[in-house]
1. When the residues of the stretch 24-47 are filtered to those that are in a helix (DSSP H, G or I) and crowded, with 20+ Cβ neighbours inside 10 Å, which remaining residue is farthest from the ligand (Cβ to nearest atom)?
2. Every residue in the stretch 158-176 that is touching a residue at least 60 places away in the same chain (Cβ under 8 Å) and part of a loop (DSSP other than H, G, I, E, B), please.
3. For the structure I just gave you, tell me whether residue 367 is in a loop (DSSP other than H, G, I, E, B) and either free of Cβ contacts under 8 Å to residues at least 24 places away in the same chain or away from the ligand (no atom under 15 Å from the Cβ) (or both).
4. Go over the candidates 378, 410, 365, 428 one by one and state the one that is buried (at least 17 other Cβ atoms within 10 Å of the Cβ) and over 20 Å from residue 213 (Cα atoms).
5. Would you check if there is a residue in the stretch 317-324 being free of Cβ contacts under 8 Å to residues at least 24 places away in the same chain, within 16 Å of the ligand (Cβ to nearest atom) and outside any strand (DSSP E or B)?
6. Please state which of the following conditions residue 271 fails to meet, knowing it meets all the rest: (1) more than 14 Å from the ligand (Cβ to nearest atom); (2) surrounded by 20 or more Cβ atoms within 10 Å (Cβ to Cβ); (3) free of Cβ contacts under 8 Å to residues at least 40 places away in the same chain.
7. Go through the stretch 101-157 and tell me which strands (runs of 3 or more DSSP E), entirely inside it, have 1 or more residues that are within 16 Å of the ligand (Cβ to nearest atom).
8. Out of 112, 98, 90, report the one residue that is free of Cβ contacts under 8 Å to residues at least 40 places away in the same chain and either closer than 29 Å to residue 301 by Cβ or in contact with a strand residue (DSSP E or B) (Cβ under 7 Å, 6 or more places away or on another chain) (or both).
Ligand code: NDP
């Protein structure tokens, strides 16, 4: 008789949990997994994948407009939201099926219900009122949208509900200017919705390089999005068919919908973790060591529930490292440096490495190279768009510390740039790389002129 029912029990079938369950099962371990919603997790069901499909959908309007200058006749063009959202849902269903079959094929037992931790080796399966045991428990329950504590918060939708909308609103107010707020602002604006973003800070996308933040804000304003900084919401009230948002400075805003994009909270409430001895952090995240082990030896956690780097590929890699460490006896830790990330706004952000501000804090001397130019296709389309490419260099070692891009294909370029940064590329090596002409990315290897902060002229009283 085995000591435990399972060698591994995973709670949460998102990107990290599914990968860990499948890989552990491939080692011959007996694995169970519980999921209370749909197999696939945030990324597949109501995050990255459906969001990126909406991004694609939202960009066709501009492309069709631009096509005219290239000789295309585009009369009678119309957009139909039900077609787009229905097709997005079909794709989500397809991926949900793929994930489910992958689990089945790898011999993992699936429990499509909520499970909680009942002890260091015990898991309670809720709909069966049954407790099962496992040598190891992996918590991979992800996170959910945080809703701000404002009066009328029950009127707010989150990004989750955006995928459930049966009709597009005429106008929307979005609270928060992080990844989700900015991406949905671009999506809705691209589909013809009037968009206002209310942000409590000085500039959107806190934590990103300042040139990217300024550049994307300017470009989004040019596209008609009303970005309001230093603005805090006091209350939200129903007003006819829509809502009235009262601001703390006394102003008001009316819109058909109000969306909160104010961060995400790890899913640990009611999971029984603290009772089992697992330490939770300030926002409820599971505190783990470099091997993703919690403060209880048999309980590990990966992905957004640990609030390290909340990105899908990171959760997957954490799941892989967990299996290497625990089931293959090859202790494996994560390297969180040089993780490329994108914000799928219009224009798009792609970035890897340190921002200029971070680099100046960590290094004695930093060189900056910047290029801002009109992408070639805009010369004919006439669109007022600019590409920004910025390199952050350690002046002493010549190492490239960061590459930041704003404009077409920024995400694709940042992914490739991440490889060279991980390999420790220097500015001289970039300079020695032949340009691919004509392309946007060639600018990365052709910039020779260091950027100097503009000097104040003599007698200037600025
Ligand atoms: P972020 O933390 O990126 O942004 C939250 C925004 O809401 C910030 O502007 C923040 O302001 C503001 N905010 C937070 N709390 C309040 C409050 N109480 N009242 C008013 N404003 C508030 O979170 P998101 O929800 O946008 O995204 C969550 C995570 O999901 C991201 O961090 C990212 O890891 C992941 N993600 C990644 C994507 C990608 O890779 N493309 C896409 C979408 C999500 P302040 O800056 O002042 O804190």
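1. 25
2. Those that are touching a residue at least 60 places away in the same chain (Cβ under 8 Å) and part of a loop (DSSP other than H, G, I, E, B): 158, 163, 165, 166, 167, 168, 169, 170, 176.
3. On the way: in a loop (DSSP other than H, G, I, E, B): no; either free of Cβ contacts under 8 Å to residues at least 24 places away in the same chain or away from the ligand (no atom under 15 Å from the Cβ) (or both): yes.
No; evaluated as a whole, the condition is false for this residue.
4. After applying the criteria, what remains is 378.
5. Filtering the stretch 317-324 for residues free of Cβ contacts under 8 Å to residues at least 24 places away in the same chain gives 317, 324.
Next, only the ones that are within 16 Å of the ligand (Cβ to nearest atom) stay: 317.
Now restrict to residues that are outside any strand (DSSP E or B): 317.
Yes; the residues of the stretch 317-324 include at least one that is free of Cβ contacts under 8 Å to residues at least 24 places away in the same chain, within 16 Å of the ligand (Cβ to nearest atom) and outside any strand (DSSP E or B).
6. (3)
7. Those strands (runs of 3 or more DSSP E) span 143-145.
8. 98
Values in this text are rule-based calculations from the coordinates and carry no lab data. Being a predicted model, the structure only gives us computed values, none of them experimental. For neighbour counting, all protein chains shown are included, and Cβ atoms are generated from backbone atoms with ideal geometry for every residue, glycine included.
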